[in-house]
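Here is the structure we will look at, set down as structure tokens.
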Amino acid sequence: MSSNSFGKLFTVTTFGESHGPAIGCVIDGCPPGLAIDADEFRRDLDRRATGKSRHTSQRREADEVEILSGVYEGRTTGTPIALLVRNTDQRSKDYGDIASTFRPGHADYTYWQKYGIRDPRGGGRSSARETTMRVAAAVIAKKWLAERHGVRVRGYLAQLGDIAHEGFDWDAVEGNPFFWPDAAQVPALEKAMDALRKSGDSVGARVTVVADGVPPGWGEPIYGKLDGDLAGALMSINAVKGVEIGDGFAAVEQRGSQHRDEMCLDGFTSNHAGGILGGISTGQAVVASIALKPTSSILIPGRSVNLAGEPVEVVTKGRHDPCVGIRATPIAEAMVALVLMDHALRHRAQCGDVGDVAPRIP
């Protein structure tokens with residue numbers, strides 16, 4: 001299977017399956033001298049993990065990171081960094097009934113058509129379990145971006161089904177299992193999820209990521225656009241069916257006089273473009289949002305066919321998320337951070353001698 005790597009100068013390659021012995025990644029292009037140890041991966045992996053509340057899958061993985069190479073005496077050496085996470089809580093028997101059946105809304109049918117073989121255990125390579133390694137790799141990217149450029153990448157759940165956030169407080173985001181920015185709405189979210197789980201159905205979500213401190217000049221015109229790479233990276237996340245940069249599709253209803261971000265000597269007057277113009281960062285916050293579909297792993301019977309070409313009824317049992325968007329915030333943050341670090345290195349390689357160009361709008 002090809003296309004398991006992304007990034008040009010900061011390249012991440014992931015490997016492993018949901019129910020295999022381990023998952024892992026190789027990070028190539030990390031500059032030397034960055035202090036890193038295994039404990040630093042814990043926070044973001046815990047944020048992504050299942051089993052942390054009743055509203056997500058109850059699979060409980062240890063997610064202990066082993067650093068196999070690329071780090072010596074606590075600092076990166078500039079050589080490939082290999083990270084490994086062993087799977088410890090697989091229940092492959094949950095998938096025995098669907099080994100010869102294509103689950104509607106899943107990658108079962110497309111993998112079968114492409115490769116003529118598939119690993120049915122938990123979705124195999126198409127499982128969101130693979131995103132563990134993206135989050136792990138982004139721990140390194142986030143730290144480098146913060147130390148070298150003062151960049152901070154944060155995300156939140158902006159909408160769950162038909163419930164949108166009303167107030168906004170960054171401090172509230174990490175204080176609840178939804179990454180929700182309005183603490184007053186959390187009880188309503190819990191009630192809605194309890195009813196959804198009881199019904200056996202699922203629901204979609206919207207996640208927004210904001211990167212503050214991105215300097216102007218990152219990104220490349222035409223085929224290396226920063227927003228283009230962000231869109232591709234975010235679309236690569238399981239269950240993502242839409243990506244917006246800045247106002248995104250809301251721009252359809254806007255007038256040019258409203259959408260354009262006017263400039264004054266003391267800064268931009270708005271950020272409808274999401275911090276990117278012509279594929280290059282403006283120095284404003286980079287803002288991206290993703291739409292995640294409702295998972296198809298539900299208890300409500302659905303029609304499908306099996307390998308014999310016979311009509312069957314499918315009920316997906318096991319441990320699944322009634323809303324995959326609840327755990328998607330750290331994954332979306334990871335993809336944004338990885339793209340930003342790659343572009344930071346690409347900018348340094350070609351235009352590092354340009355320096356600051358006047359005038360610079362704060």
>> Anything in the range 175-193 that is among the charged types (D, E, K, R) and without any contact (Cβ under 8 Å) to a residue 12 or more places away in the chain? List them, or say none.
In response: Lys191
>> Report every pair of residues separated by at least 6 positions or lying on different chains whose Cβ atoms are under 7 Å apart, first residue within the range 252-265 and part of a helix (DSSP H, G or I), second polar (S, T, N, Q) and surrounded by 10 or more Cβ atoms within 10 Å (Cβ to Cβ).
In response: none
> Can you tell me which residues in the range 9-44 are in contact (Cβ under 8 Å) with a residue 40 or more places away in the chain, more than 15 Å from Pro80 (Cβ to Cβ) and part of a loop (DSSP other than H, G, I, E, B)?
Replying inline: Glu17, Ser18, His19, Gly20, Pro21, Gly33
> Just to be sure, is Leu84 over 21 Å from His320 (Cβ atoms), touching an Asp or Glu at 6+ places or on another chain (Cβ under 6 Å) and either at pLDDT 90 or above or part of a loop (DSSP other than H, G, I, E, B) (or both)?
Replying inline: yes
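For the range 315-337, give me each residue that is assigned to a helix (DSSP H, G or I), of a type in the set (A, V, I, L, M) and under 21 Å from Ser18 (Cβ atoms).
Residues of the range 315-337 that are assigned to a helix (DSSP H, G or I), as a first pass: 324-327, 329-337.
If we keep only those that are of a type in the set (A, V, I, L, M) too, we end up with 324, 326, 331-332, 334-337.
Result: Val324, Ile326, Ile331, Ala332, Ala334, Met335.
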>> Quick check on the range 313-356: of everything there that is under 18 Å from Lys293 (Cα atoms) and among the β-branched types (Val, Ile, Thr), which residue is modelled with the lowest pLDDT?
In response: Thr316
>> With the structure loaded, tell me whether Gly279 is in contact with a helix residue (DSSP H, G or I) (Cβ under 6 Å, 6 or more places away or on another chain) and closer than 30 Å to Ala141 by Cα or whether it fails that test.
In response: yes
> From Gly155, Gly116, which residue is modelled with pLDDT of 90 or more, small (Gly, Ala, Ser) and within 30 Å of Gln185 (Cβ to Cβ)?
Replying inline: Gly155
> Between residues in the range 336-357 that are closer than 24 Å to Gly246 by Cα and residues that are acidic (Asp, Glu) and modelled with pLDDT of 95 or more, which pairs lie under 6 Å by C-beta distance while being six or more apart or on different chains?
Replying inline: Val339/Asp229
> What are the residues in the range 99-141 that are among the small types (Gly, Ala, Ser) and closer than 15 Å to Ser18 by Cβ, if any?
Replying inline: Ala99, Ala107, Gly122, Gly123, Gly124, Ser126, Ser127, Ala128
> Can you pull out the residues in the range 228-250 that are outside any strand (DSSP E or B), crowded, with 16+ Cβ neighbours inside 10 Å and free of Cβ contacts under 8 Å to residues at least 60 places away in the same chain?
Replying inline: Gly228, Ala231, Gly246, Asp247, Gly248
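Yes/no per residue for (1) among the hydrophobic types (A, V, I, L, M, F, W, C); (2) under 24 Å from Glu61 (Cβ atoms):
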| site | (1), (2) |
| --- | --- |
| Thr132 | no, yes |
| His149 | no, no |
| Ala158 | yes, no |
| Lys198 | no, no |
| Ser202 | no, yes |
| Thr208 | no, no |
> Taking into account only those residues within the range 266-299 that are assigned to a strand (DSSP E or B) and out of contact with any Leu (no Cβ under 7 Å at 6 or more places or on another chain), which is surrounded by the fewest Cβ atoms within 10 Å (Cβ to Cβ)?
Replying inline: Gly267
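The values are calculated or read from the model by the stated rules, or taken from the named source; none is laboratory data. Just so it is clear, the model here is predicted, and its values are computed rather than measured. A quick note on method: Cβ atoms are made from the backbone with ideal geometry, for glycine too, and the neighbour counts reach across all protein chains shown.
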